[in-house]
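Participant: This is the structure I want to talk about, given as structure tokens.
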Amino acid sequence: MQCVEFDGLLTDALDGVLTGGQLDRFQAHSRSCSVCGPLFAEVGAGRSWLKDLTEVEPPAGLVTNILACTTGVDTQRLGVNVSAAQPRISWIAARWEGVQAWASGAMLPIWGTVRQPRFAMSFGMAFFSLSVALSVLGVKPADLRQISLRPTAIRHTYYNTQARVVRYYDNIKLVYEVQAAVRELKRNVAPAERPAGEAAPDKKDHKNDTTQQPEQKQDRNYSQNEGHLILACAPLGPSVFDQLSPDPVNPDLPVVSVTTYRRLV
Amino acid sequence: MLVRRCVAGDAAAWEEIVQTYNRRIYNICYRFAGSADDAQDLAQEVFIKMYRTLASYDSSKGAFVTWVTTITRNLLVDHFRKTKQDRITDSLDAATSAHEDALPLSEQIQDQSAPPDARVRSREVQEAVHAALAKLSPELREALILRDLQDFDYREIATVLKVPEGTVKSRINRGRAELARLMQRTYRQVM
């Protein structure tokens, strides 16, 4: 017999279900094997130790406590059943009781969570913020109390609100038309009043310029092409050179090529 | 049938179930948890869970006692996982249960040398075995409790533990051998 087979038959041998040749081979291996023999003795000893253990008596109040715990649940469950078994006043009342029972069961954990101090503080802060916001906006609870929820009143309020919105947009449209007309008038009148002073309005316009385009003034000296020729000494007017030059009509001045680069600021 | 009556709302049937099984469940809890207080709490939890899930019991799948033991075992395993850290930090000076008159394990072992009479000796041996059982791993402990203390057969144990019968037998053998070694070590220290 191999040790693996011996291990598999260990419990059967201790339970006394091994018989015949299998029991003989088991016992022979137990005597001969230096590992399985002590193992068999240990397992037998452990079993006998455990057989010495007797049952302990449960505490006196265990059954009472169990019944109290479970019948507490039972009372609620039976309460629903009893109410369902009683003669019903109407099916609506019975349905309402069922909904109430379900809601109380479903809301119980939520209510337990909500009652925690941190959630209570959050709700308190939310209520405080809402009341402050309403008072700032001019909404008074007394006004809300006077709101009529009759269908005709609601319809009346709806039409009033709609008319108010339409009037508001009509007024806005009129204001825009008047503004456009005034602007047109100004545009037509302005060139006649200031024919020579074009620079001043340009300067003012730059303040309101939102095109994000660079100012023309900045490009004033840098807008010429690279190949543009500038005379080093041009006849700008009567000067000392005019007097010194022997032939002012044909001076034959040298031409200097100047390359200008855009200044990056 | 008792379960059907209970599911139908018969409170007397439920009380009968509690009266029938409270001793068995309490003993399983006590041997597994090692503490009388824990065992009482766990037994109550088992019955509460049983009460809530009684309608799910299917008699065609197994005996009611197997179903009850499965519930008990699952709850004990959950409890063991929750209190695993506490168990690691237990010392020999900790009292193992209320049934041992709150004596630490070290004192119980020392008292083995001079028992006043046979009754006390038997009680102390039982406490030592109980303490040794508590030192086994939960897999070996639950197999031993079900087999040697609750007299379940291997097939029932396999159903409760959800493992093959061969694994059950192997765990039982290992558990018994480990327990014997622990007891041997205990008495060697005393001597």
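The values are calculated or read from the model by the stated rules, or taken from the named source; none is laboratory data. In this text the structure is predicted, and so the values were computed from the model without any measurement. Here the Cβ is made from the backbone with ideal geometry for all residues, glycine too, and neighbour counts use every protein chain on show.
Participant: Tally the residues that are of a type in the set (Val, Ile, Thr) and at the interface with chain A (Cβ under 10 Å from one of its Cβ atoms), restricting the search to the range B:22-64.
Facilitator: Filtering the range B:22-64 down to residues of a type in the set (Val, Ile, Thr) leaves B:25, B:28, B:46, B:48, B:53.
Applying the additional criterion that residues be at the interface with chain A (Cβ under 10 Å from one of its Cβ atoms) yields B:25, B:46, B:48.
Looking only at that region, the number is 3.
Participant: Within the range A:43-56, restricting attention to residues that are surrounded by fewer than 20 Cβ atoms within 10 Å (Cβ to Cβ) and more than 60 Å from the chain's Cα centre (by Cα), which residue is nearest to the other protein chains (Cβ to nearest Cβ)? Quick ask: steps written out before the conclusion?
Facilitator: We begin by selecting, within the range A:43-56, every residue surrounded by fewer than 20 Cβ atoms within 10 Å (Cβ to Cβ); these are A:44-45, A:48, A:51-56.
Subset that is more than 60 Å from the chain's Cα centre (by Cα): A:44-45, A:48, A:51-54.
Details: A:44: 8, A:45: 4, A:48: 9, A:51: 7, A:52: 6, A:53: 6, A:54: 7 Å.
Across the range A:43-56, the extreme among qualifying residues is A:45.
Participant: Scanning for something within 11 Å of chain B (Cβ to nearest Cβ), modelled with pLDDT of 85 or more and either farther than 24 Å from residue B:165 by Cα or assigned to a helix (DSSP H, G or I) (or both), does the range A:15-30 turn up at least one residue?
Facilitator: The answer is yes, given that some residue of the range A:15-30 is within 11 Å of chain B (Cβ to nearest Cβ), modelled with pLDDT of 85 or more and either farther than 24 Å from residue B:165 by Cα or assigned to a helix (DSSP H, G or I) (or both).
Participant: Then there's this: Checking the conditions here, which among B:144, B:179 is buried (at least 20 other Cβ atoms within 10 Å of the Cβ), at pLDDT 90 or above and over 19 Å from residue A:16 (Cα atoms)?
Facilitator: On the way: B:144 fails: over 19 Å from residue A:16 (Cα atoms).
Every option except B:179 fails the conditions.
Participant: Taking into account only those residues within the range B:133-173 that are farther than 19 Å from residue B:29 by Cα and of a type in the set (S, T, N, Q), which is nearest to the other protein chains (Cβ to nearest Cβ)?
Facilitator: Filtering first and then ranking leaves B:173.
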